[in-house]
Amino acid sequence: MSLRNKRSLWGPALLAGVMVLACAPSASAQYFGRNKVQYETFDWQVMSTPHYRIHFYPAEREHTVDAARQAERWNARLSRTFQHRLSEVKPIILYANHPDFQQTNVISGLIEVGTGGVTEPLRTRLIMPFTGVYADDDHVLGHEMVHVFQFDIASSGVGGGLGSMNRLPLWMI
């Protein structure tokens, strides 16, 4: 094979190599080794309402009283809307702010900055931080409360045979 033919093979080979690397999926590291940083230890207390067990820390007692009132109002609205009463007292876990919320070990995985709240399907726990804006807190609480009702309805076996969480489409949740 002549030197000229060898040089003409390098161009297509190099181009093919670049194309393979460009088309390769990006590698993402597994969760192992990426721990949630926990800066603080919280002195948790519990406030009970007729339908909720609200976990909070003392610095947020005043906001928690407001959140308890909001939760009961949302419960009344959503009970009428869904024509369903919650099967048991549900837990709500409140954090003073978003950095505290991101430290939670109630749910696994890292919490993004834009996450306003989470409702855990298995135990139907609502977890959220206070934002400092009353209307925003009420909005997020109401949104997450809808999920509490959806999970409760799905696990109760009522609602058109939606008895299994595995059968609910993701868009509904």
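Values as computed for the structure displayed
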item: Test: residue in the stretch 99-119 that is open to solvent by 80 Å² or more (accessible area, probe 1.4 Å), polar (S, T, N, Q) and assigned to a loop (DSSP other than H, G, I, E, B); result: yes
item: Subset of the stretch 139-173 that is over 15 Å from G117 (Cβ atoms) and of a type in the set (D, E, K, R) - its residue that is modelled with the lowest pLDDT; result: R167
item: Tabulated pairs, the stretch 75-88, first farther than 16 Å from H143 by Cβ, second assigned to a loop (DSSP other than H, G, I, E, B) and open to solvent by 100 Å² or more (accessible area, probe 1.4 Å), C-beta under 7 angstrom, 6+ apart or interchain; result: S79/R85
item: Residues of the stretch 65-98 classified as of a type outside the set (D, E, K, R), touching a His at 6+ places or on another chain (Cβ under 9 Å), open to solvent by less than 20 Å² (accessible area, probe 1.4 Å) and at pLDDT 95 or above, total; result: 5
item: Checking I54 against (1) open to solvent by less than 60 Å² (accessible area, probe 1.4 Å); (2) at pLDDT 90 or above; (3) in contact with a Phe, Trp or Tyr (Cβ under 9 Å, 6 or more places away or on another chain), the condition it does not meet; result: (3)
item: When residues of the stretch 120-138 are limited to those that are modelled with pLDDT under 90 and within 21 Å of I153 (Cβ to Cβ), the one surrounded by the fewest Cβ atoms within 10 Å (Cβ to Cβ); result: L122
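The values are calculated or read from the model by the stated rules, or taken from the named source; none is laboratory data. On a predicted model such as this, the values are computed, not experimentally measured, just so you know. Because the Cβ atoms are built from the backbone with ideal geometry, glycine has one as well, and the counts that use them run over all protein chains shown. In case anyone asks, the SASA skips ligands and DNA or RNA and just uses the protein heavy atoms, side chains included. Shrake-Rupley method; radii C 1.70, N 1.55, O 1.52, S 1.80 Å.
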